[in-house]
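*Asks:* Have a look at this one.
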Amino acid sequence: MRQKTELPDRVGSTPWLGSASMHDEGAREEHIDSVSKRQAWDSLGDAELLQTVVNSLGPWVSTQDVERCLDVDSLELAGMRGAHSILGVPLGPDDELFFPVQQFDPAGEIISGLPEVLEILDAIDPMTIATMLATPARGDDDRTVWDVLRGGDLPLAVDWARRTHERWLEP
């Protein structure tokens, strides 16, 4: 039995965005192309803007950090993702999984209500879900959906998820 550990305070930028190879214009263009295809971010086209977007959705932690924190192995973590219990976002050319820290409470447990919200948003890709959760829950409220969930207002978060899902699937 592994011992549960705390999540690190934060991961600054994801390693693939801050690599030295991004200073080589050819490598940068190839990197941007592979990331944009995999993340459907074709319109961004700028590594600095992409890094800003990804960093604004974090802080992020690695798969290994989450496995240690939750005391699960990679198969169990994959099952949790499949069951909509946790949000992992594939990033970079190798689609390495990173996890927004906001989904964990101070004790390192998954915040209450997140599985219900993720289940409703099942048809939407993980990066879009991460972006949506980091935006205000309502136009008249500055709180993000993460804030709403962390504050315990599950009915508002579920209502937001249902409305978002309906709008997302509109023709």
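The values are calculated or read from the model by the stated rules, or taken from the named source; none is laboratory data. Predicted, not measured: the structure shown is a model, and the values here were computed from it. Don't worry about glycine lacking a Cβ; one is built from the backbone with ideal geometry, like all the others, and counts go over all protein chains shown.
*Asks:* Out of (1) surrounded by 17 or more Cβ atoms within 10 Å (Cβ to Cβ); (2) free of Cβ contacts under 8 Å to residues at least 40 places away in the same chain, what's the single condition that is false for residue 109?
*Replies:* (1)
*Asks:* Would you confirm whether or not segment 79-99 contains a residue that is hydroxyl-bearing (Ser, Thr, Tyr), in a helix (DSSP H, G or I) and under 13 Å from the mean Cα position of the chain (by Cα)?
*Replies:* The first filter runs over segment 79-99 and keeps only residues hydroxyl-bearing (Ser, Thr, Tyr), leaving 85.
The next check asks that each one be in a helix (DSSP H, G or I); those that pass are none.
Within segment 79-99, not a single residue is hydroxyl-bearing (Ser, Thr, Tyr), in a helix (DSSP H, G or I) and under 13 Å from the mean Cα position of the chain (by Cα).
*Asks:* Quick one: count up the residues across segment 131-152 that are closer than 21 Å to residue 86 by Cβ, free of Cβ contacts under 8 Å to residues at least 40 places away in the same chain, surrounded by fewer than 17 Cβ atoms within 10 Å (Cβ to Cβ) and not polar (S, T, N, Q).
*Replies:* Residues flagged as closer than 21 Å to residue 86 by Cβ, free of Cβ contacts under 8 Å to residues at least 40 places away in the same chain, surrounded by fewer than 17 Cβ atoms within 10 Å (Cβ to Cβ) and not polar (S, T, N, Q) within segment 131-152 amount to 1.
*Asks:* Related question: Given the condition loosely packed, with under 14 Cβ neighbours inside 10 Å, modelled with pLDDT under 95, touching a Pro at 6+ places or on another chain (Cβ under 7 Å) and under 18 Å from residue 56 (Cβ atoms), answer yes or no: does some residue in segment 90-104 qualify?
*Replies:* Here is the first cut: in segment 90-104, the ones loosely packed, with under 14 Cβ neighbours inside 10 Å are 94-95.
Checking which are modelled with pLDDT under 95 leaves us with 94-95.
Now drop any that are not touching a Pro at 6+ places or on another chain (Cβ under 7 Å), which leaves none.
There is no residue in segment 90-104 that is loosely packed, with under 14 Cβ neighbours inside 10 Å, modelled with pLDDT under 95, touching a Pro at 6+ places or on another chain (Cβ under 7 Å) and under 18 Å from residue 56 (Cβ atoms).
*Asks:* Further, regarding this structure: How many residues are under 16 Å from residue 147 (Cα atoms) and in contact with a Phe, Trp or Tyr (Cβ under 8 Å, 6 or more places away or on another chain) if we restrict to segment 90-105? Steps first, please.
*Replies:* From segment 90-105, those under 16 Å from residue 147 (Cα atoms) are 100-105; that's our starting set.
Going one step further and asking which of them are in contact with a Phe, Trp or Tyr (Cβ under 8 Å, 6 or more places away or on another chain), we end up with 100-103.
Residues flagged as under 16 Å from residue 147 (Cα atoms) and in contact with a Phe, Trp or Tyr (Cβ under 8 Å, 6 or more places away or on another chain) within segment 90-105 amount to 4.
*Asks:* Hey, residue 132 hits all of (1) closer than 24 Å to residue 52 by Cα; (2) assigned to a loop (DSSP other than H, G, I, E, B) but one; which does it fall short on?
*Replies:* (2)
*Asks:* Pull out all pairs, ordered by first then second residue, where Cβ-Cβ is under 6 Å, the residues are six or more apart or on different chains, the first lies in segment 66-87 and is at negative phi, and the second is hydroxyl-bearing (Ser, Thr, Tyr) and surrounded by 13 or more Cβ atoms within 10 Å (Cβ to Cβ).
*Replies:* Pairs found: 68/5; 69/5.
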